[in-house]
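Here, each number is a calculation from the coordinates, and none is a lab measurement. The model shown is predicted, which means the values in this text are computed figures rather than measured ones. Here the Cβ is made from the backbone with ideal geometry for all residues, glycine too, and neighbour counts use every protein chain on show.
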Amino acid sequence: MLNFSVFLFLFFACSISYCQTDTTFITDDIPILKVKENEPFVLKFLACHSCGYHWSLSQADSSYVKLINVTSKHTSGRNDVTGGNVFEFWQFKVTATGNYTLEFVYKRSWLKETEKVFRVGLYVK
């Protein structure tokens, strides 16, 4: 029984340290999001890729705000599902302290009209 308890403790300790990147679910404008300099953070958006909708970054100070990666995953969490809604994960790192604004546009690439525009203000310490 002691071995199982030790195993569970080690498992949870490793899983907590593995998921240290902060993820913020964006559903509207965020005036101030506090992040740390040179530490990655993730913004999560809901999208419908099968409908043609994608998020794009339309404004950012690219000299200090670095886009590391963009990935998506079906909202069900399964890999064998096609169509429907997905979560888009945008991973960034900011290399200098200060205030920055990220602007994201949600639209179909072949249309001029935008469905949504979200602004995320970053306070980097």
**OP:** For Lys93, go through the aspartates and glutamates and keep the ones whose alpha-carbon is under 13 Å away, minus same-chain ones fewer than eight residues off.
**Re:** Asp22, Glu37, Glu39, Asp61
Subject >> Links that overshoot a 20 Å alpha carbon limit, given the list Lys73/Lys107; Lys44/Lys107; Lys36/Lys73 >> reply: Lys36/Lys73
**OP:** Scan around Glu115 for amide H atoms under 5 Å from its own, H built in the peptide plane at 1.01 Å from N, and keep only partners 5 or more places away or cross-chain.
**Re:** Tyr106, Lys107, Arg108
Subject >> Set of aspartates and glutamates near Lys112 by C-alpha distance (under 19 Å), chain-local residues within fewer than 8 positions excluded >> reply: Glu103
**OP:** Could you please report the charge total around Glu37, scoring K, R as +1 and D, E as -1 over all other residues with beta-carbon less than 10 angstrom from its beta-carbon?
**Re:** +2
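Which whole number in µm²/s is D for segment 21-124 by Stokes-Einstein, with the Kirkwood Rh taken over Cα pairs at 20 °C and 1.002 mPa s? Mind dumping the intermediate values first?
On the way: Rh = 14.3 Å.
My calculation gives 150 µm²/s for D.
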